[in-house]
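The values are calculated or read from the model by the stated rules, or taken from the named source; none is laboratory data. Every value quoted in this text rests on a predicted model; they were computed, and no experiment measured them. No Cβ is skipped: glycine too gets one built from the backbone with ideal geometry, and neighbour counts run over all protein chains shown.
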């Protein structure tokens, strides 16, 4: 069986990896210019296709039959070539989105929902929300009757769904709305899956609002596509398994801790063990400044250093699947937390203070380490997802981290 993803410019896609976990058919990326789509659909070598922008509407006239949901939404993202050569079209994005809402534990029935964006994903989200019994669904667009300039009229919204690319890699760190404008909000969904936590989701997390990102939806729609391709049912547990697998591979492993606690050593060993790139914040800071860290302190003091550090962490935090070793004081600026947390799991390496070297570390040389640790300990605890003892061997520390990663 030959399956794949049809689009104009595909770049990197997680679809082959997902389908590789779901079944044993061949799954390829088919990049086709607009004038080549018709010939490929009619005469190409394929049995099942996923379809991405800009062809989700283009393929519809070639379908002999559409699912009811595809007709309602007005777009198709899954095609199946039947034995007689005719083409069936469905929209499995809707299936994935519905599974995402359920996984997040967000109750839609009877609630007022806002959908940010008016593109194809918005139409799909509106259809699903209505099918789940939402009391009302309002689309917020840049130029429509309901837009970002008159959001105050919808301050009572209880469910917010982002279907725009705002906050998506590489333009991380921005959100289409401020959730503080919606005091009744009970659930936030963002269809973006890179980064794992968009600025919108980070704010929802900080406010204690149930929320979910788009990776589960991506895997869910692939699972349903696979069922259509093969004609066999796949348990929902596969969505959970594959989403967890992808999440581990995509998210960064970030090391924090006191200066000299072993972040560089453990980072290098961990990167080699996992086959991941190692990104060292201090090295990137020196590269950005064009001089050594002691020279940065000599010229502008700690304030100048921290400013450069935050700029560097903003770029490092956007990456996926890397090991990132940070400087000891990165936790002293609260704005660094979302930069690291957006796409990473943060490990605090602990080491006895009398084993911490001071050479080449300006703040360690001029400060009492016990006083420094007393100030920073609650900050390390605030940033950390996991605490790792690094008083033993490198191998012991690696084993502890790998056990957490699973």
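Residue under question is residue 296, and the condition is that it be within 30 Å of residue 215 (Cα to Cα), assigned by TED's automatic domain parsing to the domain that holds residue 389 and crowded, with 17+ Cβ neighbours inside 10 Å; does it hold?
no
Given (1) touching a helix residue (DSSP H, G or I) at 6+ places or on another chain (Cβ under 7 Å); (2) farther than 29 Å from residue 43 by Cβ, identify the lone condition not met by residue 117.
(1)
Select from segment 73-111 the residues that are out of contact with any strand residue (DSSP E or B) (no Cβ under 8 Å at 6 or more places or on another chain), surrounded by fewer than 18 Cβ atoms within 10 Å (Cβ to Cβ) and assigned to a helix (DSSP H, G or I) and list them in ascending order.
102
Are any of the residues in segment 218-232 in a loop (DSSP other than H, G, I, E, B), touching a residue at least 24 places away in the same chain (Cβ under 8 Å) and within 20 Å of residue 106 (Cβ to Cβ)?
No: zero hits.
Among the listed residues 179, 228, 255, identify the single one that is farther than 19 Å from residue 13 by Cα and in the same structural domain as residue 78 (by TED's automatic domain parsing). I'd like the intermediate steps shown before the answer.
Details: 179 fails: in the same structural domain as residue 78 (by TED's automatic domain parsing); 255 fails: in the same structural domain as residue 78 (by TED's automatic domain parsing).
On inspection, the qualifying residue turns out to be 228.
Kindly check whether there is at least one residue in segment 393-401 that is in the same structural domain as residue 297 (by TED's automatic domain parsing), out of contact with any strand residue (DSSP E or B) (no Cβ under 8 Å at 6 or more places or on another chain), in a loop (DSSP other than H, G, I, E, B) and modelled with pLDDT of 95 or more.
Within segment 393-401, one or more residues are in the same structural domain as residue 297 (by TED's automatic domain parsing), out of contact with any strand residue (DSSP E or B) (no Cβ under 8 Å at 6 or more places or on another chain), in a loop (DSSP other than H, G, I, E, B) and modelled with pLDDT of 95 or more.
So the check is Cβ under 8 Å with 6+ separation or different chains; which pairs have a first residue in segment 321-348 that's on the phi > 0 side of the Ramachandran plot and a second one that's assigned to a loop (DSSP other than H, G, I, E, B)?
Going by the 8 Å Cβ cut-off, the qualifying pairs are 321/251; 321/276; 321/277.
Is it the case, given these coordinates, that residue 145 is modelled with pLDDT under 95 and over 25 Å from residue 341 (Cβ atoms)?
Yes; evaluated as a whole, the condition is true for this residue.
Does residue 327 satisfy the criteria of being assigned to a loop (DSSP other than H, G, I, E, B), within 16 Å of the chain's Cα centre (by Cα) and closer than 23 Å to residue 274 by Cα?
no
Report yes if some residue within segment 44-56 is in contact with a strand residue (DSSP E or B) (Cβ under 8 Å, 6 or more places away or on another chain) and part of a helix (DSSP H, G or I); otherwise report no.
Looking through segment 44-56, none of the residues is in contact with a strand residue (DSSP E or B) (Cβ under 8 Å, 6 or more places away or on another chain) and part of a helix (DSSP H, G or I).
Looking at (1) over 26 Å from the mean Cα position of the chain (by Cα); (2) part of a helix (DSSP H, G or I), find the lone condition where residue 314 falls short.
(1)
Would you confirm whether or not segment 350-373 contains a residue that is crowded, with 16+ Cβ neighbours inside 10 Å, touching a residue at least 40 places away in the same chain (Cβ under 8 Å) and within 25 Å of the chain's Cα centre (by Cα)?
no
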